[in-house]
Structures are given as C-alpha cells and as structure tokens.
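Quick notes on the structure that follows.
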2 protein chains.
Amino acid sequence: MTERGLLIVLSGPSGVGKGTVRQAIFESDDNDFDYSISMTTRKKRVGERDGIDYFFSTKEEFEALIESGGLLEYAEYVGNYYGTPLGYVEKTLQSGKDVFLEIEVQGALQVREKMPEGIFIFLTPPDLKELKSRIIGRGTDEMAIIEQRMAKAIEEIDLMRYYDYAVENDKVENAVRKIKQIIESEHLKVSRVIQRYKKMIEEL
Amino acid sequence: MTERGLLIVLSGPSGVGKGTVRQAIFESDDNDFDYSISMTTRKKRVGERDGIDYFFSTKEEFEALIESGGLLEYAEYVGNYYGTPLGYVEKTLQSGKDVFLEIEVQGALQVREKMPEGIFIFLTPPDLKELKSRIIGRGTDEMAIIEQRMAKAIEEIDLMRYYDYAVENDKVENAVRKIKQIIESEHLKVSRVIQRYKKMIEEL
C-alpha cells in the first residue's frame, strides 16, 4: 500500500527568501519530492520547455480550468495567468510522492482552502528583531515611512496564523534544515502511518 | 515573554526499548529539557536521593494526591504506588522548559486525558516486518502461541491511535534523531510561536 504523499507549501512575505530556500532544498541530495510545475498563459521564452519549466496554455484553456476548479491556486500578473494545476499535484500525491509548492502568501491561502491537509510553512523575515532599532534609527522626520513599515510588518505576521509552522530565515542552511525536519516529522504522524501498520498486522 | 514548554511523552509496548532511547536522548549534549521525576511509596534504596531519583512519599500522601487530582498518571505495582506529580510538571512547563516523560502505555493514556496538548510519541517494535515469517516459521503445532502473539501485536498497534507520532526503533540512534526532530518541529508550530511574534511587533 502506498501512503499518500504530503503537500508542502512554503510561503511568506515578499523578499523573505522563499526562492533561495526552495532552491537550496532541491539542490540538496537527500530530498525526495516533486516540485510542482506552474501553468501560465505567458509566451514561452527561448530555452523553456513545456511540462518542465511551465505548463504553457492558452488564455481560454486556463479560464476553463478556473471554471472547472482545476487549479489549486492562480493569480493574474501583468496580463498573464499563473497557477498550479490541481490534477498534476493530485496525481503526484496519489503516487505517494510529496509535492513541494513555493508560492506567494495569497496563493497559499487559496491552497489552504482546497487542500487543508497540506503542510503550510511560513518563512519569517530574519531581521524582525532588528526592525525596531532600524525603524527608530531613522528618526521622526520619516514618520510616514515608519508607520508604513510597521503596518506592513503587522499585516505580514498576521497572515502567519493560517500556517502550520513558522521558520525564521536567519540563514538559508538553518531554514533548510528546519523545513526538512518538519517534513520528516510530518511523515511520522500516526494518522499517516497507522494504516500501514494495520495492513502489516492484517497480512501476518 | 516565556513560551510554555512542551510535554513530550514517550511510550510504546513493553520491551520496545523506551528506556534505552530515553537514556540516549538525555546523554546527548544538545537536549534541553527536564526528565520528569516520578513519585513513589516504595522504600528509598541506598544511594537514592529524594527529589532526584524519585519523590518519596507515604501511602497516605500519595492517596491524597490521587484524590485531589495532583497526579498526571499513576499505577500500583507490587504493592507500591508510582506516579507523575502534576505540580512539578506544570511548574517546569510554565518556566518554558520542556518536560520529557517516558512511561508505560496505560500511564500515557492517563496523561493524554489530563494534558491533551502534549506530544505523544509511540515507539514501535523494530521487528514488525519480521513478525510474519517468525510466526509462520514456528509451524501449526503451536497454534495457541501464534494466536496469542498475533493478538498482542494487534492490541499494541491499536493503542498507537492515541498518539501523535510513531517512531520505529530499528536503531537507537535513528529513533533518537527522529524524536529530536519531532520536538524541534513542534517548537516551530505557529500556534506556539505566534504570540512571541505578535509581542515583537507590539514592542516595535
């Protein structure tokens, strides 16, 4: 019996270093999951391969997928659609392989609604502790900027509550290690392995 | 602000090697939790120290604690009581330190009722996969023993469903590594850290 794979969603505020952390995880040799391939309506660039870099589709195909609920999440950006095909993710999970998704915060919230059983990891800025002194250091003559920064920080942290885990990106190697630990621990959850044990007993 | 510590409960079928794994965790230098001290009514042996090896108590004191709900779990064994004082565990958790509890399966179920937020880890036998061939290898002339073994295996695995994680004790070092990963991951749970982040933001 193949256990269903885990959907791992890595997200966090823009500029936090999601892409770098994801790349470091994939370049490490002990990972064992598929990186979800996005679908887009933008033109294929030289060297890009359909089904590897992106699934390229027409606007009509993409909108039909939106209509039929065939996307785990999607967004429009500079006139083009970008999204995660549900079918590909579902097929991979059913084969027993984990799927790793690195997306923006808004997309992650869409995924949370469609696949609440996923493992949602929020990458937090490394300099939260320094924020105070940096903000104060700028002086009162930039009050508008101070308020803007504080509001943004509060807004970002507030989104954390939709996630399962918070990992501070103080150093890429630390964040990578913690994310791998989370994934390995999640695989040890009784709810995920008990069927396998029961099966073993039945087959005795 | 001090975050509340985690209560980690390690249990599993008798003979699985709980004590060995617990000892290996405590002898490793990167652990940071208290090992819960049991209370007992049995006589103090030479070399044993009150409050270190055990909390020694009279039968009357112990039964008064049972009555007042002051024990996280307890059992009677060869005419003596053994139990885990709730007060000590609670004080340690409130100080922000994790408490590690290694107990029998029945005791763990009592703890689950009193502190459902604990992290319950079920150590599974390393030879579950070999069980089938071992049982079959014994032949049909020992049918009673075969049935007894199978019933015991089924019963043990069935208790797993009350736990959060299942760790196979194939090698002590593997089990130790996995248990440490689980503890570190649990500390990254958003529900545990979000207050700290909110506090940081408030103090900006």
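Please work out if B:MET160 is facing chain A (nearest Cβ under 7 Å), in a helix (DSSP H, G or I) and not β-branched (Val, Ile, Thr). So B:MET160 passes the test. Out of A:ASP34, A:ASP29, A:ASP50, one residue alone is in contact with a Lys or Arg (Cβ under 8 Å, 6 or more places away or on another chain), among the charged types (D, E, K, R), modelled with pLDDT under 95 and farther than 20 Å from A:VAL9 by Cβ. It is A:ASP50. The residue of the stretch A:59-113 that is surrounded by the fewest Cβ atoms within 10 Å (Cβ to Cβ), among those that are assigned to a helix (DSSP H, G or I) and β-branched (Val, Ile, Thr), is A:ILE66.
Restricting attention to the stretch A:14-32 and to residues that are aliphatic (A, V, I, L, M) and over 23 Å from A:ALA153 (Cβ atoms), the residue that is surrounded by the most Cβ atoms within 10 Å (Cβ to Cβ) turns out to be A:ILE25. The residue pairs whose first member lies in the stretch A:187-199 and is free of Cβ contacts under 8 Å to residues at least 12 places away in the same chain, whose second member is in a helix (DSSP H, G or I) and basic (Lys, Arg), and whose beta carbons are closer than 8 Å, counting only pairs six or more residues apart or on different chains, are A:LEU188/B:LYS178; A:VAL190/B:ARG161; A:ILE194/B:ARG161. If you filter the stretch B:37-57 down to residues that are surrounded by 10 or more Cβ atoms within 10 Å (Cβ to Cβ) and β-branched (Val, Ile, Thr), you find that the one that is nearest to B:LYS114 (Cα to Cα) is B:ILE37. Condition check for B:ASP29 on (1) assigned to a loop (DSSP other than H, G, I, E, B); (2) more than 30 Å from B:LYS171 (Cα to Cα): one failure, at (2). Inspection of the stretch B:2-20 finds no residue satisfying the criterion of being outside any loop (DSSP other than H, G, I, E, B) and farther than 17 Å from B:ILE103 by Cα. Annotation note: Cβ proximity below 6 Å between a residue of the stretch A:166-182 that is under 15 Å from B:VAL190 (Cα atoms) and a residue that is basic (Lys, Arg) and buried (at least 16 other Cβ atoms within 10 Å of the Cβ) (sequence gap 6+ or interchain) occurs for A:VAL167/A:LYS178. Taking only the stretch B:146-204 into account, find how many residues are of a type in the set (Gly, Ala, Ser), crowded, with 17+ Cβ neighbours inside 10 Å and modelled with pLDDT under 95. So the answer is 1.
Consider the stretch B:144-157. How many of its residues are more than 8 Å from chain A (Cβ to nearest Cβ) and more than 17 Å from B:VAL105 (Cβ to Cβ)?
If we filter the stretch B:144-157 for residues that are more than 8 Å from chain A (Cβ to nearest Cβ), which is where we start, we get B:144-149, B:151-152, B:155-156.
Restricting the remaining residues to those that are more than 17 Å from B:VAL105 (Cβ to Cβ) gives B:144-149.
Residues meeting the conditions: 6.
Can you tell me how many residues in the stretch A:5-26 are at pLDDT 90 or above and over 13 Å from the mean Cα position of the chain (by Cα)? Final tally of qualifying residues: 2.
Which one is farthest from A:PHE120 (Cα to Cα) among residues in the stretch A:185-204 that are in a helix (DSSP H, G or I) and touching a Lys or Arg at 6+ places or on another chain (Cβ under 9 Å)?
Looking at residues that are in a helix (DSSP H, G or I) and touching a Lys or Arg at 6+ places or on another chain (Cβ under 9 Å), I get A:MET200.
The values are calculated or read from the model by the stated rules, or taken from the named source; none is laboratory data. It should be emphasised that the depicted structure is a prediction, and the values quoted were computed from it without experimental measurement. Cβ: placed from backbone, ideal geometry, glycine included. Neighbour counts: every protein chain shown.
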